[in-house]
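Worksheet: the structure to be examined is printed underneath.
The values are calculated or read from the model by the stated rules, or taken from the named source; none is laboratory data. Since the structure is predicted, the reported quantities are computational estimates derived from the model, not experimental observations. A quick note on method: Cβ atoms are made from the backbone with ideal geometry, for glycine too, and the neighbour counts reach across all protein chains shown. Side chains included, ligands, DNA and RNA excluded: accessible areas come from the protein's heavy atoms. Shrake-Rupley method; radii C 1.70, N 1.55, O 1.52, S 1.80 Å.
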Amino acid sequence: MNKLTSWLGGLLALQLVLAAGLFWGDGAGQSEAIGQPLLEFEQAQIDKVVIGAGEEEVTLQRQSGQWLLPGQNDLPVDSGKLQPLLEQLHGLQSGWPVATSASSHQRFEVSEDTHQRRIRLFRDGQLVVDLYLGTSPGFKKVHGRRAADTEVYALPLNSFDFPTSANNWLDKALLAAGDIKRIDGADFSLQKDEQGWALVSKSGAEPAPQLDQEKAGQLGRTLSSLQVTGVAKAAPEFAPEQVIALEVEGAERWQYQLLQQDDQYYIRRNPGSIGDAVFTLNKYDFDRIAGIGLADLQATGADEVTERPATDEAGEGEGKS
């Protein structure tokens, strides 16, 4: 009986040793993979990004160092939005997978047929990253799977940060005039120097009216930092009798054309690399540009700031007397 007990005890010990060996061997192999980059690519070498969801898909292409939207006449991409996302993808690390079987892909929505996002990165026409994003297990987390693997991971990403609409990637400041020196409207001319804005008489035969500096500054700031809301899906005809036009001089000289049609507000700028592209504008900015004329810019009361600030002591003295 004692011999049998000893023999059974030895057999149990051997089984435990074998099980431990298998466990530690498998665990060591998985531990080596943890903490390694999940996606192997050099961020600076990526020249095309394709993001899809179902039948919707957007392509971002880098040409001569600039990211563009080839599906939207090569309009510029908001690089300040794209670059951080590429950095996020580059910084992803492998961890313990939440699932390892192909049968789980449908459940986590990371399969080829069922997914919430598919992100593909290219270098010189070669696919280097193919990633599916699916359901979310928690705040700022999403299930993800490399297309060539079966493992599913919980990744620190948000699917909504990878939109499939070109308008979401468009550089909304592409029409911003920057530092402005002159604005010519239908019935006014504004010129800016180190002292501020001044109304310039168009005819030259009579002195220009006194200016409301605040309103002139507001017009200048709106044009300098102009933000469109997107590309017009169906661009209207810019009939001359309906268009409000302004000539703006900054680093270049542009003509801005604005048009209201029903409850939609449109704008385009010529000349420039964007060609004849028509964009949508919100009503607030439309009114701050198109709704300004000479009558709005003229000073109407003694309490308003009607003159440019003095820059010498003599000027200040005259103002006090």
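Results, tabulated for the structure shown:
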{"quantity": "Complete set of residues in region 131-150 that are surrounded by fewer than 18 Cβ atoms within 10 Å (Cβ to Cβ) and in contact with a Leu (Cβ under 8 Å, 6 or more places away or on another chain)", "calculated": "Lys140, Lys141, Ala147"}
{"quantity": "Conditions (1) part of a loop (DSSP other than H, G, I, E, B); (2) touching a helix residue (DSSP H, G or I) at 6+ places or on another chain (Cβ under 9 Å); (3) modelled with pLDDT of 95 or more; number of the one not met by Gln106", "calculated": "(2)"}
{"quantity": "Output for region 282-316, where each listed residue is open to solvent by less than 50 Å² (accessible area, probe 1.4 Å) and either in a loop (DSSP other than H, G, I, E, B) or modelled with pLDDT under 50 (or both)", "calculated": "Gly291, Ile292, Gly293, Ala299, Gly301, Thr306, Gly315"}
{"quantity": "Residues being in contact (Cβ under 8 Å) with a residue 24 or more places away in the chain, within 15 Å of the chain's Cα centre (by Cα) and assigned to a strand (DSSP E or B) - total across region 55-86", "calculated": "6"}
{"quantity": "Candidates Asn158, Asn167 - the one that is closer than 16 Å to Ala53 by Cα and either open to solvent by 70 Å² or more (accessible area, probe 1.4 Å) or touching a residue at least 60 places away in the same chain (Cβ under 8 Å) (or both)", "calculated": "Asn167"}
{"quantity": "Selection within region 212-260 - more than 30 Å from Ser165 (Cα to Cα), assigned to a strand (DSSP E or B), of a type in the set (A, V, I, L, M) and under 27 Å from the mean Cα position of the chain (by Cα)", "calculated": "Val248"}
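Residues are listed down the side, and each one gets a yes or a no for (1) at pLDDT 95 or above; (2) open to solvent by 20 Å² or more (accessible area, probe 1.4 Å); (3) touching a strand residue (DSSP E or B) at 6+ places or on another chain (Cβ under 9 Å):
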{"residue": "Asp193", "(1), (2), (3)": "no, yes, no"}
{"residue": "Val200", "(1), (2), (3)": "no, yes, yes"}
{"residue": "Leu211", "(1), (2), (3)": "no, no, yes"}
{"residue": "Leu219", "(1), (2), (3)": "yes, no, yes"}
{"residue": "Lys233", "(1), (2), (3)": "no, yes, yes"}
{"residue": "Glu247", "(1), (2), (3)": "yes, yes, yes"}
{"residue": "Asp262", "(1), (2), (3)": "no, yes, no"}
